Amino acid sequence: METNEEDCKEIMGGKGTLFVLSGPSGAGKTTVEDRLTTELDLFVSISMTTRPRRANETDGIDYLFTDKNNFNLMVSRGEMLEWANVHGNLYGTPREPIEKRIKEGKDSLLVIDIQGANQIRRIIPSSILIFLLPPSIGELRKRLMGRNTDSIQTIDSRLEVAQEEIASSLIYDYSVVNHNIAQATIDVACIIMNCTSRRKQ
């Protein structure tokens, strides 16, 4: 069950803008997100997931970790703005925090995958979608290997998904190539500021 158009009319009527940042695993989304929050007045939604927590992650900061039973219950109640199955794990965006901020006129940022972005574009057409690209698949492999968190098989699977995501990224309003994380952050920040400025004119 997904949040439908009728459920989201109040969100769409808010004064804030919802920005969505997506990209393949390893493209640098989390780093860009962290840097953006120090530079811009953005509410960043924390995604919920059934994926096991990694050693360097904190519940409530990196993700809201839960089990599949609770996640599916929230979906059935319409409490997820979007959700998707990624590599066998469930990821989703709790609806209430985003709805509250947009009604208050605050801009919000979601860092989600392309499945979730498709749902957001359908139910909130005014959202701004930004896709973060690696310089190349070879560079992406190098970055994933450098994490030392996944097996070779998992990395190969992520690379296959990455190529599919890149091929399907035409639904996005903007694309930014992450050659350098500092410049990529500036590029994304400029997109957000320009869109916000146009909205206020």
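From the list 154, 149, which one is assigned to a loop (DSSP other than H, G, I, E, B) and over 24 Å from residue 19 (Cα atoms)? Selected residue: 149, the only one of 154, 149 that is assigned to a loop (DSSP other than H, G, I, E, B) and over 24 Å from residue 19 (Cα atoms). Of the residues making up region 82-97, those that are at pLDDT 90 or above and more than 13 Å from the chain's Cα centre (by Cα) number 5. Once region 47-81 is narrowed to residues that are in contact with a strand residue (DSSP E or B) (Cβ under 8 Å, 6 or more places away or on another chain) and acidic (Asp, Glu), the residue that is modelled with the lowest pLDDT is 57.
Taking the options 113, 150, name whichever one is closer than 16 Å to residue 26 by Cβ, out of contact with any Phe, Trp or Tyr (no Cβ under 9 Å at 6 or more places or on another chain) and at pLDDT below 90.
Only one candidate passes the filter, namely 150.
Restricting attention to region 80-105, the residues that are surrounded by 16 or more Cβ atoms within 10 Å (Cβ to Cβ) and not small (Gly, Ala, Ser) add up to 14. Taken over region 107-130, the criterion of being assigned to a helix (DSSP H, G or I) and touching a Ser or Thr at 6+ places or on another chain (Cβ under 9 Å) is satisfied by 114, 116, 117, 118, 119, 120, 121, 123.
May I ask you to list the residues in region 157-201 that are within 29 Å of residue 124 (Cα to Cα) and in a loop (DSSP other than H, G, I, E, B)? If the condition is that a residue be within 29 Å of residue 124 (Cα to Cα) and in a loop (DSSP other than H, G, I, E, B), then 168, 172, 173, 178, 201 are the ones that fit. May I ask you to list the residues in region 73-106 that are part of a helix (DSSP H, G or I) and closer than 24 Å to residue 25 by Cα? Those that are part of a helix (DSSP H, G or I) and closer than 24 Å to residue 25 by Cα: 95, 98.
One line per residue, one yes/no per condition, for (1) of a type outside the set (Val, Ile, Thr); (2) surrounded by 12 or more Cβ atoms within 10 Å (Cβ to Cβ); (3) in contact (Cβ under 8 Å) with a residue 60 or more places away in the chain:
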| residue | (1), (2), (3) |
| --- | --- |
| 143 | yes, yes, yes |
| 151 | yes, no, no |
| 157 | yes, yes, yes |
| 160 | yes, no, no |
| 168 | yes, yes, no |
| 188 | no, yes, yes |
| 194 | yes, yes, no |
| 198 | yes, no, no |
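The values are calculated or read from the model by the stated rules, or taken from the named source; none is laboratory data. Every value quoted in this text rests on a predicted model; they were computed, and no experiment measured them. As a convention, Cβ positions derive from the backbone with ideal geometry for all residues, glycine included, and neighbour counts pool all protein chains shown.
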